[in-house]
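Undergrad: The structure's right below; bear with me while I get my questions together.
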Amino acid sequence: MSRREERQYQPFDGQGNKPGDRRKSFQIDRDRILYSSAFRRLAQVTQVVTAQEGHVFHNRLTHSLKVGQVARRLAERLIESQPEIANKIGGIDPDVVEAAALAHDLGHPPFGHTAEGELDKCAVKHGLQDGFEGNAQSFRVLTKLAIHRIDYYGLNLTRATLNAVLKYPWLRSSNQSSPKWRKYSVYNLDQKAFNFVRNPKDETQTIEASIMDYADDITYSVHDLEDFYLAGLIPLELLATDRDELNHFITEWLREFPQNTTAQIVKSEPNRFQNFLDATYNMGGQYRQGTFEQKAQIKRISSQLIQSYIKSVKLSAEYQGRGHLQQDSQKEQELKFLQRIVWYYVISNPRLATQRFGQKRIVRTLFTMYLEAIEEGDLSFIPVRFVREYIALGDREQQGADIHQEKVRMAVDIVASLSEAEAVLKYRRLTGISQGSFLDYWE
């Protein structure tokens with residue numbers, strides 16, 4: 001068994017496998033993630049627009065499934081087209097790539113990035129300096145919070161898969177002006193698991209993490225754009241044909257980020273980007289009417305765009321901005337352009353502002369109530385799946401340990417583990433807005 005295949009706990013045959021199980025180690029990882037309750041929860045977690053909008057928009061589950069598919073195909077293509085370089089940089093395993101892609105959003109809280117920011121504020125305010133970050137929470141779910149066996153915490157994945165989940169393989173910086181303050185993949189309390197996975201002094205992505213990271217960029221760039229174009233929220237036909245609309249878009253982009261390189265390139269080469277949109281999304285308003293032929297055309301164009309991005313990268317023996325992935329600069333600019341379109345027309349849309357205000361209040365209220373229950377020892381408030389860990393904390397506290405940070409982290413964990421339907425239901429009941437029924441499922 002290679003070091004990459006080692007698991008933190010070896011409960012079965014000494015290699016982490018059940019006797020008679022013919023699956024390879026990394027296939028087991030993929031299956032454990034796919035069958036976990038943490039993965040199923042993503043069906044009710046926001047991608048951009050609330051998951052309760054239904055099948056019209058992607059949620060975190062459908063997004064993760066598509067990232068897994070794109071990541072696996074990209075890994076397979078790179079292995080086939082550049083086998084020598086793949087071997088030289090340590091090899092690429094498609095099962096590891098797919099497993100990491102399926103797992104990459106497990107830590108996202110209800111209401112997506114809105115709750116992520118609010119939970120971070122709440123945690124820092126109560127003395128937890130490494131706050132909350134979705135990527136770090138995903139690592140914590142895999143190594144600590146997910147339930148798989150009674151004799152260990154987490155899913156007991158291999159080093160390789162856990163390493164591939166680490167987009168930002170470092171702890172949070174104490175310097176708030178550092179990029180490592182905003183993005184990081186490990187909490188201080190999970191440092192032991194991090195040290196098992198890799199040398200903490202090494203801050204480079206593995207090749208499998210880079211592939212997963214790029215597949216994530218491709219997937220949300222194309223599918224979010226498709227969703228909101230079909231919903232009539234993004235005027236692609238205007239951006240492709242109306243210079244005034246494009247100029248206004250660029251001006252706002254540069255006003256917010258004057259040093260943004262891609263925005264400067266779009267400003268200097270407007271024809272190139274209008275031609276790109278016109279050629280790629282030449283659908284016009286009539287394609288929002290929803291006929292069979294029109295929907296088929298949209299799906300064909302999205303598929304072609306994804307394939308073009310998959311084909312635009314190749315392996316490099318030298319470590320660069322995207323790890324060992326070398327991307328065509330024009331395709332990189334296109335991706336960032338598409339991401340900004342979604343941000344400008346949808347994510348920053350005032351119509352979502354009232355939703356976000358309410359979502360922040362729900363998250364803040366639930367965090368406060370759960371933290372009070374944990375500090376006061378009120379087991380009736382603590383979800384059943386967290387009681388075992390709470391009791392262990394109480395035992396340590398009686399022995400004189402300072403566990404304040406662990407209590408705050410537990411309150412964060414509880415809120416982050418909720419689906420959006422659960423969060424709304426619990427908020428309404430805990431604040432008295434709705435009494436609910438004694439027969440309601442309540443954990």
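Here, each number is a calculation from the coordinates, and none is a lab measurement. Here the structure is a predicted model, which is why all the values come from computation and not from measurement. When we count neighbours, we look across all protein chains shown, and the Cβ atoms used for this are built from the backbone with ideal geometry, even at glycine.
Undergrad: What are the ³J(HN,Hα) values, in whole Hz, obtained from phi via the Karplus relation 6.51 cos²θ - 1.76 cosθ + 1.60 with θ = phi - 60°, for each residue of the stretch 98-107 in sequence order, with x given for Gly and Pro?
TA: Values per residue, Gly and Pro as x: 5, 4, 5, 5, 5, 8, 5, 10, 4, x Hz.
Undergrad: I need the phi-derived Karplus couplings for the stretch 111-124: 6.51 cos²θ - 1.76 cosθ + 1.60, θ = phi - 60°, integer Hz, Gly and Pro marked x.
TA: With the stated coefficients, the stretch 111-124 comes to 6, x, 5, 4, 5, 4, x, 5, 4, 4, 4, 4, 5, 5 Hz.
Undergrad: If a/c stays under 1.5 just call it rounded; otherwise compare a/b with b/c (prolate if a/b is bigger, oblate if not). Do that for the stretch 224-369, with a ≥ b ≥ c from the square roots of the Cα gyration tensor eigenvalues. Could you put the intermediate results ahead of the total?
TA: Values: a/c = 1.43, a/b = 1.15, b/c = 1.24.
It is rounded, given that a/c, with a ≥ b ≥ c, falls under 1.5.
Undergrad: Relative to the longest principal Cα axis of the chain, at what angle does helix 270-280 sit, 0 to 90 degrees, rounded to 10?
TA: 80 degrees
Undergrad: With a/c under 1.5 counting as rounded, go ahead and sort the stretch 74-194 into rounded, prolate or oblate using the C-alpha gyration tensor (a ≥ b ≥ c being the square roots of the eigenvalues; past the cut-off, prolate if a/b is larger than b/c, else oblate).
TA: Verdict is prolate for the stretch 74-194.
Undergrad: Under a Cβ-only charge scheme (Lys and Arg +1, Asp and Glu -1), can you give me the dipole magnitude of the chain about the Cα centre, in debye to the nearest 20?
TA: Details: 58 positive and 57 negative charges, 55 e Å.
With only Lys, Arg, Asp and Glu charged at Cβ, the dipole is about 260 debye.
Undergrad: Same structure, new question: Express as a percent, rounded to the nearest 5, the fraction of DSSP beta bridges in the chain (both residues included) that run antiparallel.
TA: About 90 percent, rounded to the nearest 5.
Undergrad: Calculate how steeply helix 60-81 sits against the longest principal axis of the alpha-carbon atoms of the chain, using the helix alpha-carbon long axis, and give the answer as 0 to 90 degrees to the nearest 10.
TA: 70 degrees
Undergrad: Taking the Cα atoms only, what angle lies between the long axis of helix 420-430 and the longest principal axis of the chain, rounded to 10 degrees?
TA: Approximately 50 degrees, to the nearest ten.
Undergrad: Quick one: grab the alpha carbon gyration tensor of the chain, order the square roots of its eigenvalues as a ≥ b ≥ c, and give me rounded if a/c is under 1.5, else prolate or oblate depending on whether a/b is larger than b/c.
TA: Oblate, since a/c reaches 1.5 and b/c is not below a/b.
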